[in-house]
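Asker: One structure follows; several queries about it will come next.
The values are calculated or read from the model by the stated rules, or taken from the named source; none is laboratory data. All values reported here derive from a predicted model rather than from experimental measurement. Reconstructed Cβ throughout: ideal geometry from the backbone, glycine too, with neighbour counts over all protein chains shown.
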Amino acid sequence: MGRRAKDPFGFKGLSKRMTLASNRMTSRMAEDSFAMSQRIQGNEVRKTHKGRDFEVQRRDLFGRKIGKPISYEIKSGPDARLSEAQRRKKARLGRRYKVVRY
């Protein structure tokens, strides 16, 4: 009685895999949408890792850099939380770190 009943057909693992695959696809689409919108505005977008998704550098009509680069973290849900590395990066960069939610 104290042991959990096993899933004889293995659907529990399949459901979790499908959910995680769906989450990855949703987040990738949100990131691609953000990158495309920034490029349309004429900004330079670089994919980064470890605490942020993108680093955006504004450029003028002649291609010269304007200001300092801004780090963006893209979240695909309204309740998605920042990881520990993302919180540290946000605390260190201050106003140059922005979270965009899709």
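Asker: Select, from Ser27, Ser33, Ser22, the only residue that is at pLDDT 85 or above, part of a helix (DSSP H, G or I), under 15 Å from Ser76 (Cβ atoms) and in contact with a Ser or Thr (Cβ under 7 Å, 6 or more places away or on another chain). Give the derivation first.
Answerer: Working: Ser33 fails: in contact with a Ser or Thr (Cβ under 7 Å, 6 or more places away or on another chain); Ser22 fails: in contact with a Ser or Thr (Cβ under 7 Å, 6 or more places away or on another chain).
That would be Ser27, the only listed residue that is at pLDDT 85 or above, part of a helix (DSSP H, G or I), under 15 Å from Ser76 (Cβ atoms) and in contact with a Ser or Thr (Cβ under 7 Å, 6 or more places away or on another chain).
Asker: Continuing with the same structure: Identify all residues within segment 47-67 that are surrounded by 12 or more Cβ atoms within 10 Å (Cβ to Cβ) and assigned to a strand (DSSP E or B); write none if there are none. Walk me through it before giving the result.
Answerer: Of the residues in segment 47-67, the ones surrounded by 12 or more Cβ atoms within 10 Å (Cβ to Cβ) are 48, 51-59.
Those that are surrounded by 12 or more Cβ atoms within 10 Å (Cβ to Cβ) and assigned to a strand (DSSP E or B): Phe54, Glu55, Val56, Gln57, Arg58, Arg59.
Asker: Within segment 73-88, identify whether any single residue is more than 17 Å from the chain's Cα centre (by Cα) and not charged (D, E, K, R), and answer yes or no. Talk me through it step by step, then tell me what you get.
Answerer: Within segment 73-88, the subset more than 17 Å from the chain's Cα centre (by Cα) is none.
Checked segment 73-88: no residue is more than 17 Å from the chain's Cα centre (by Cα) and not charged (D, E, K, R).
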